[in-house]
Amino acid sequence: MQRRQGCLVVAGLIAACGPDDRADAEHERICGQPGPVQILALEDDRRLRVVHQLEDWEVDDRRLLWIGDAGEDEVEETWFPRVDASELWSVGPCGESPERIGPEFSFLRRDFHFEPPLACREETGEIFALDPSGSHEPNVVAYAPDCRFDSTPWGFITLETEDDVFGSVVLQAFPEDPWRQTATRQVLLQDVRIATKTAPHTVPNFHEVLAVMPDDIFAITAADELIRFSLLDGSTTIEATNAREFDVSPDLRWLVWQDLAVTNDDPEWPEGAIALRDLEAGTTTPLVDSALAYTSLPFRFIDRGVMRLQLGGLYSAPERVYALPPALPPALPSASPSPSYVELPPARELWAMTDDGGWIVTGPGTDGPIEWFDRDLTRSRLLFDGDGSMLVQDGRIEVLENVACCISQDYGRVSGRLWSLSPDR
């Protein structure tokens, strides 16, 4: 386990665990030997659950490694063994001067708006700034219940719950000295929903009713108004009324939401009227009666000008793909979007889009077959008649064929032949 895990860490960082001469040469240049290097010595009998390295693998020429052990009572068949204990380590590029950092943390991450790496403890909600060099002890810079927080240029945004229905949106401005100070706290919005008003489709999750953008916060008030709060000037705009839940496109052009009125008799998946608002033009267009909760990431392909909506739960109905109109020049009058759409058959979904405007369509998750369609779905071509994990990049499609999965202590990994496909043939 120790040797395998050491190889895994190095392989993920400098690709030195395969027969690649260039990788071996680079590894030898950095670490003085071509083969894998153990960067942290661990006990042979440890039941490792995860070894995670911070996304930016080098922080001040040091690596941050979060190591989690599986609980002693976990059985071999457990798909998701829990992390019973964890450690955070800072090491040099090749394992030099290992240092254990601070107490036990629930997770760590880099933040785009805050320079030091961050770690959090779920049981206390403490957010720590970390110094990989070891010059400073971890310092609490903010607090977030259950470690749920977003980051903006203005500071950390957290949600403080008042009960099972309402909460307050709080801004915690970044401290000037992350090694000695803690963020100041300012309540921005009170009595906003932390869960959907009618029966939720999943465990209540405030991301259904709260969206934090760099300069704006979208939330649903106790009066069921979908509002936009500006972090720039503190102004509030009502974008919709009688809102159940919503989603906002990353470019802040589009807002899609579901009305409170229920149009079906399924308490787990309440459907209602879904509308689309063009935040630039200020126009609203009715779309369809469905449950917004059916769709994961409706704006996943917004950079290609489309939005997706599932018309039934668990892929039981078609997926509708809307072509959103481009932004109007300032000189032209505003107009209703009235987007056109096409529908994919049930149990099929848009998975990727090629540079030539083609669609890669597959089944849910890693289910096949994998097909190529042109934009209006008039022409199609079978690319892969099987199941596998897919990656689309540089004009090609790579599929790792699924022949083994859900293996004890290895859930989520697959093994099999790697296929390289081209949508052009």
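Per the conditions (1) touching a strand residue (DSSP E or B) at 6+ places or on another chain (Cβ under 7 Å); (2) in contact (Cβ under 8 Å) with a residue 60 or more places away in the chain, the sole criterion not satisfied by Pro267 is (1). Of all residues in the stretch 129-144, those satisfying the criterion of being assigned to a strand (DSSP E or B) and crowded, with 20+ Cβ neighbours inside 10 Å are Ala129, Asn139, Val141, Ala142, Tyr143.
Taken across the stretch 87-106, residues that are charged (D, E, K, R) and at pLDDT below 85 do not occur at all.
For the structure I just gave you, tell me whether Asp278 is surrounded by fewer than 21 Cβ atoms within 10 Å (Cβ to Cβ) and acidic (Asp, Glu). No: the conditions fail for Asp278.
The single condition from (1) part of a loop (DSSP other than H, G, I, E, B); (2) under 15 Å from Arg62 (Cβ atoms); (3) open to solvent by 30 Å² or more (accessible area, probe 1.4 Å) that Glu123 fails is (2).
Every residue, every condition in (1) basic (Lys, Arg); (2) open to solvent by less than 30 Å² (accessible area, probe 1.4 Å); (3) at pLDDT below 95; (4) not in a loop (DSSP other than H, G, I, E, B), yes or no:
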{"residue": "Asp146", "(1), (2), (3), (4)": "no, no, yes, yes"}
{"residue": "Glu160", "(1), (2), (3), (4)": "no, no, yes, yes"}
{"residue": "Arg180", "(1), (2), (3), (4)": "yes, no, no, no"}
{"residue": "Gln186", "(1), (2), (3), (4)": "no, no, no, yes"}
{"residue": "Ala219", "(1), (2), (3), (4)": "no, yes, no, yes"}
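Cβ-Cβ contacts under 6 Å between residues 6 or more apart (or on different chains), taken from a first residue in the stretch 128-148 that is more than 17 Å from Asp177 (Cβ to Cβ) to a second residue that is outside any loop (DSSP other than H, G, I, E, B) and open to solvent by less than 20 Å² (accessible area, probe 1.4 Å), are listed as Pro132/Val59; Pro132/Leu64; Pro132/Ser90; Ala144/Ile127; Ala144/Thr158; Cys147/Cys120.
One residue stands out in the stretch 253-266 among those that are under 27 Å from the mean Cα position of the chain (by Cα) and over 20 Å from Val212 (Cα atoms): the one that is surrounded by the most Cβ atoms within 10 Å (Cβ to Cβ), namely Asp259.
Test Glu26 against the stated conditions and say whether it is open to solvent by 30 Å² or more (accessible area, probe 1.4 Å) and either modelled with pLDDT of 80 or more or in a loop (DSSP other than H, G, I, E, B) (or both). Walk me through how you get there before you give the answer.
Values: open to solvent by 30 Å² or more (accessible area, probe 1.4 Å): yes; either modelled with pLDDT of 80 or more or in a loop (DSSP other than H, G, I, E, B) (or both): no.
So Glu26 fails the test.
Selection over the stretch 223-240 of residues that are crowded, with 18+ Cβ neighbours inside 10 Å and within 21 Å of Ile274 (Cβ to Cβ) gives a count of 5.
The residues of the stretch 292-310 that are open to solvent by less than 40 Å² (accessible area, probe 1.4 Å), more than 20 Å from Glu239 (Cβ to Cβ) and either over 19 Å from the mean Cα position of the chain (by Cα) or not basic (Lys, Arg) (or both), listed by number, are Tyr294, Phe301, Gly305, Val306, Gln310. Taken as a whole, the structure places Pro250 among residues that are surrounded by fewer than 22 Cβ atoms within 10 Å (Cβ to Cβ), within 20 Å of the chain's Cα centre (by Cα) and either closer than 20 Å to Ile217 by Cα or at pLDDT below 90 (or both). If I filter the stretch 99-117 down to residues being free of Cβ contacts under 8 Å to residues at least 40 places away in the same chain and not in a loop (DSSP other than H, G, I, E, B), which single residue comes out as most open to solvent (accessible area, probe 1.4 Å)? The selected residue is Arg100.
On the basis of being open to solvent by less than 30 Å² (accessible area, probe 1.4 Å) and more than 30 Å from Phe373 (Cβ to Cβ), does Pro270 make the cut?
On the way: open to solvent by less than 30 Å² (accessible area, probe 1.4 Å): yes; more than 30 Å from Phe373 (Cβ to Cβ): yes.
Spelling it out, Pro270 is indeed open to solvent by less than 30 Å² (accessible area, probe 1.4 Å) and more than 30 Å from Phe373 (Cβ to Cβ).
Report whether or not Asp150 is out of contact with any Gly (no Cβ under 6 Å at 6 or more places or on another chain), within 15 Å of Phe218 (Cα to Cα), among the charged types (D, E, K, R) and not in a loop (DSSP other than H, G, I, E, B). Answer is yes for this residue. Identification of strands (runs of 3 or more DSSP E) wholly contained in the stretch 341-402 with 3 or more residues that are crowded, with 17+ Cβ neighbours inside 10 Å and under 24 Å from the mean Cα position of the chain (by Cα) yields 349-353, 359-362, 388-393, 396-401.
Per-residue answers, yes or no, for (1) basic (Lys, Arg); (2) open to solvent by less than 30 Å² (accessible area, probe 1.4 Å); (3) more than 20 Å from Leu42 (Cα to Cα):
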{"position": "Val83", "(1), (2), (3)": "no, no, no"}
{"position": "Leu88", "(1), (2), (3)": "no, yes, no"}
{"position": "Gly92", "(1), (2), (3)": "no, yes, no"}
{"position": "Ser97", "(1), (2), (3)": "no, no, no"}
{"position": "Ala119", "(1), (2), (3)": "no, yes, yes"}
{"position": "Ile127", "(1), (2), (3)": "no, yes, yes"}
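Which of the numbered conditions does Ser316 fail, given that it passes all the others? Conditions: (1) buried (at least 20 other Cβ atoms within 10 Å of the Cβ); (2) over 24 Å from the mean Cα position of the chain (by Cα). It is condition (1) that Ser316 fails.
The values are calculated or read from the model by the stated rules, or taken from the named source; none is laboratory data. Note that the structure is a prediction, hence the values are computed from the model and not measured. Counting neighbours? That spans all protein chains shown, and the Cβs are built from the backbone with ideal geometry, glycine included. We work out accessible area using only protein heavy atoms, side chains counted, and drop any ligands, DNA or RNA first. Shrake-Rupley method; radii C 1.70, N 1.55, O 1.52, S 1.80 Å.
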